[in-house]
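Visitor: One structure follows; several queries about it will come next.
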Amino acid sequence: MGWRRILLLLITGTSVASLGLVGCTTGERNFEAEAQAPVTSTPIQTPAPALPPQEREADVPFVPTPQSVVNAMLELAKVGPNDVLYDLGSGDGRIPITAVQKYGASRATGVDINPQLVQQSRNNAQTAGVSSRVEFRQQDLFKTDLSNATVVTLYLLQDVNLRLRPKLLQELKPGTRIVSHNYTMGDWKPERVVQMESEGDRQHTLYYWVVPENVPENLR
């Protein structure tokens, strides 16, 4: 189309668009067509909320409990369908996950102060398919309400066990079972002691207590 023809069309009020010429020129955008095209959107996936920073240094370093020892702890406590287990210092979550997945615990809660370990535990529970019955809390174990527990598992240190003992005896119901990996409760004598080996001939000692109806004065 020559420039004289275009000028004539403009003067007479005939639009170039009416002649079907819109979009024919290379490099031009058809804004009208774009406006009429259906809008498609990609769903936005909301990321999981970030866990808060660690509030203080952990009481103990994370050392994974061998799976054979995890099983022995849960068997010593006779974990079953009527149990609600709390694991204090839960690390990567293997004790709560195993309690639900293998031993049929009704619910299990892991408590750890380290946000990276809590997130790892939640991922592990998701992979194991037990997230609906296992909870992991980023929390100071000395601030955790333990009153719902029927079983408590520990892999801490001797001094931490001793600081924790009054809380356990005050908050836990009589009959609640406690199993500690490698560390005692001082003057509170265990009802059972189990010694075992794990992979690599490592030696382990498990201690088992039951919360009494009447707590002796020297243990409070």
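Every number in this text was worked out from the coordinates using simple rules, so none of it is lab data. Here the structure is a predicted model, which is why all the values come from computation and not from measurement. When we count neighbours, we look across all protein chains shown, and the Cβ atoms used for this are built from the backbone with ideal geometry, even at glycine.
Visitor: Summing Lys, Arg as +1 and Asp, Glu as -1, what charge do residues with Cβ under 14 Å from the Cβ of D92 carry, D92 excluded?
Guide: That works out to 0.
Visitor: Hey, which lysines would be in cross-link range of K78, C-alpha to C-alpha under 19 Å, not counting anything within fewer than 8 residues on its own chain?
Guide: K102, K173
Visitor: Quick one: Karplus J couplings for segment 115-126, per residue in order, coefficients 6.51, -1.76, 1.60, θ = phi - 60°, nearest Hz, x for Gly and Pro?
Guide: x, 5, 5, 5, 5, 4, 5, 5, 5, 5, 5, 4
Visitor: Please enumerate, by chain and number, the lysines with C-alpha under 19 Å from the C-alpha of K167, excluding those fewer than 8 residues away in the same chain.
Guide: K143, K189
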